[in-house]
Structure formats: C-alpha cells, structure tokens
Amino acid sequence: MILSIKRYKIALVVCGVFILILLLACAELLHRNDYQSKADRSNSMQVNTTVAVDKTAPVLSQDFFTEYRIERDRIRSERSELLQTSIKSAKNDEAMQRAQEAVLKIIMEKQHESEIESLIKARGFSDALVFIWDNSVSVVIKAASLSRDEVVQIADIVSRVSGAKPENITISAKP
C-alpha cells in the first residue's frame with residue numbers, strides 16, 4: 001500500500017513537471033507570436049528576394065529599439081525562471097534534462113542575438129534588433145532603407161553566427 005502511494009505521488013510529480021513544460025512551450029509560442037506581431041513586416045523582405053523598400057514607412061518612436069529589447073529580455077527572463085523552477089522541482093532525470101536543454105537554448109539564442117546585433121552595428125548601422133526562434137531569424141535595422149549589398153552583408157552575418165539558412169532570414173528597415 002505504501003509503495004502504491006509513493007508511485008502515485010511520483011507519477012503526479014512527473015505529470016506536473018510535464019504539464020509545466022507544456023505550459024512553458026505554449027507561453028513561448030504566444031510570446032513568439034507577440035514578437036512577430038510587434039515587428040512591422042510591411043517593410044520586410046526575404047533575403048532571397050529583390051530589394052524594394054517603401055519610402056513612406058511610418059516613423060516609429062526613437063525608443064522603439066530600446067523598448068523592444070527590454071521587453072524581449074523580460075520575457076526571456078520569465079521563461080528562464082520558470083524553467084529553473086521546474087529543474088529544481090523535477091523528480092525525473094528526463095524532465096530535468098529537457099528543462100536544462102531549454103534553458104541552454106535560451107542562453108544560446110540570447111548570445112547569438114547579442115553577437116549579431118554587435119556585428120551589425122560594427123558595419124555602421126546605428127541600431128539593430130535580432131530575434132531568433134527555432135530555425136528562423138528576424139532582423140530589424142534602424143535605417144530608412146537598405147541597399148541590396150547591405151541586406152547581403154547582414155544576411156551573411158546572421159547566417160555565420162546563427163547557422164540559419166538565407167531563406168529563413170527576414171531583414172527589415174525601420175527609420
């Protein structure tokens with residue numbers, strides 16, 4: 001009887017951790033969609049298409065890049081905290097390993113985003129935002145427009161650092 005109760009408790013804990021991981025995955029998808037909806041794609045282009053930039057693009061707040069970066073980091077911190085909590089409470093090695101891998105993925109994404117942003121700024125752009133999720137990368141450059149050569153240079157940086165294929169890279173300009 002006591003063994004049965006222990007197994008039941010262990011099963012409940014494993015189910016709870018699994019449900020927590022599922023909730024984290026759902027939250028990630030919701031936040032990813034939120035990122036995509038905040039980035040105005042009317043001025044976006046795929047890397048493998050011809051360059052055509054709308055000269056009548058709306059002017060955004062000067063703090064757009066700073067505010068977006070702060071929001072991105074806040075959401076990422078919340079995700080990391082939830083995963084750290086699930087790591088601490090995990091009774092199952094497999095659940096703990098999945099949560100640790102998710103934390104490592106978040107750290108690597110953040111590192112790659114920061115490195116790409118720095119390399120783009122080193123090319124002479126005043127600011128850049130990079131969003132990496134799964135196998136795709138979205139880049140927003142603080143510029144009125146981008147030439148074909150600039151798009152190719154940015155795509156090369158993104159591809160080298162993140163390993164993303166050119167067809168999975170979207171680059172847009174924001175004044």
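Just so it is clear, none of the values below were taken in a lab; they were calculated from the coordinates. Small disclaimer: the values here were computed from a predicted structure and weren't measured. Quick reminder, even Gly has a Cβ in these numbers, built from the backbone with ideal geometry, and neighbours come from all protein chains shown.
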>> If I model a spin label at A122 and D156 as a point 7 Å from the Cα along the Cα→Cβ vector, what separation in nanometres do I get?
In response: 1.3
>> Could you tell me the calculated FRET efficiency between T66 and S136, based on Cβ-Cβ distance and R0 = 22 angstrom, to the nearest 0.05?
In response: 0.40
>> Need the full-extension length gain, Q111 to R74, defined as separation in residues times 0.36 nm minus the C-alpha distance. One decimal, nm.
In response: 11.8 nm
>> Once you order the gyration tensor axes a ≥ b ≥ c over the Cα atoms, which shape class does segment 82-126 get: rounded for a/c under 1.5, otherwise prolate or oblate by comparing a/b with b/c?
In response: prolate
